[in-house]
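The values are calculated or read from the model by the stated rules, or taken from the named source; none is laboratory data. Because the structure is predicted, anything quoted here is derived from the model rather than measured. Ligands, DNA and RNA are stripped out before the accessible areas are found, and what is left, the full protein with its side chains, is counted by its heavy atoms. Shrake-Rupley method; radii C 1.70, N 1.55, O 1.52, S 1.80 Å.
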Amino acid sequence: EYLSLEADILDNVGGIYLTLRENDQSLNFLNQAKQIREENGLESELYKSYYSLGNFLYRTGKSRDAIDNYRKGLSLLNLNYMMGTAYNILKQNDSSIYFLLKAKVIYDQTNQIASQINTANAIAQAMMNDKRFSEAIPLLENNIKLLESNGDWQKYMAAYSRLSKAY
């Protein structure tokens, strides 16, 4: 929690320096915040850094670079995933699959392995709830391939467990 708060404060200080038009100072604080998030496993908060850096770039006349940062932030803050998992809990499988497939496209394009795996698991679960086992199996098999290179053995074993249920 401390590191997350520290990164948020650094973003705010960077924003203040940006308002004061002290661009070098602003960029320094924004990069420090991003570095804290990257080095300490705060991936779920990394969208904040891309948003802050996007604002910096926009306000310093680099709109194309700002758009790239905003896109990275949007891909991390993928509300389609949240909608899909919420529908999954409600067992509204068609709605769940619809939103999760949209989320999967974003995660596939941005090559976010952990998010790809989680999304495919959620899609497979919704398909299995709907007794569409043959559609869930390829997603789970692909997850196993992704996990082999990832080295997260707990998730690897969980993927095999899901796959066995699908079969």
HN-Hα J in Hz across region 76-93 - Karplus 6.51, -1.76, 1.60, θ = phi - 60°, x for Gly and Pro: 7, 9, 8, 6, 4, 4, 5, 4, x, 5, 5, 5, 4, 4, 7, 6, 8, 4
Fraction of accessible area attributable to carbon and sulfur, the chain (%, probe 1.4 Å): 53 percent
Angstrom value of the Kirkwood radius, inverse mean 1/r, which spans all Cα pairs in region 1-92: 13.9 Å
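Calculate, for region 60-167, the solvent-accessible area per residue in square angstrom, rolling a 1.4 angstrom probe over the heavy atoms of the protein chains.
60 Å²
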Centroid-to-centroid separation of region 18-83 and region 124-167 [C-alpha atoms, Å]: 33 Å
Count, lysine Cα pairs under 13 Å in the chain, 8 or more residues apart or across chains: 6
Full-stretch length increase - Lys62, Thr110 - with 0.36 nm per residue and alpha-carbon distance subtracted: 15.1 nm
